[in-house]
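Have a look at the structure below before the remarks.
The values are calculated or read from the model by the stated rules, or taken from the named source; none is laboratory data. Given the structure is predicted, the values throughout are model-derived calculations rather than measurements. Quick note on the areas: whole protein, heavy atoms, side chains included, nothing else; ligands and nucleic acids left out. Shrake-Rupley method; radii C 1.70, N 1.55, O 1.52, S 1.80 Å.
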Amino acid sequence: MSIDYVTFFDGLCRDLGFCSIDLEAQDRIIRLASSDPETITRAVFDAEGLDYDTYAPDRVRREVRAYVERHLNREI
């Protein structure tokens, strides 16, 4: 089963408000798809121009990580 990246990035925007991820950053995240959820989650924050360690409340980090796990890592 292949990963639907269009749906993945649309959902990041629609559901979590991560809407500034350009195509180059999307490509970097796609190349990380087989990585652990923490690495991918950090890449999402970086692509959005946000510092993972200082920007977001724990709740937001957990929500993005859970989204990554549901949409990317489940198929790996």
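Things to note:
- Share of pairwise Cα separations in the stretch 1-41, more than 13 Å, in percent: 56
- Once the chain from R14 to T54 is taken as fully extended at 0.36 nm per residue, the excess over their C-alpha distance is 12.1 nm.
- Within the chain, the ratio Rg/Rh, alpha carbon atoms throughout and Rh by Kirkwood, equals 0.92.
- Over the chain, accessible surface divided per residue gives 61 Å², non-protein components excluded, 1.4 Å probe.
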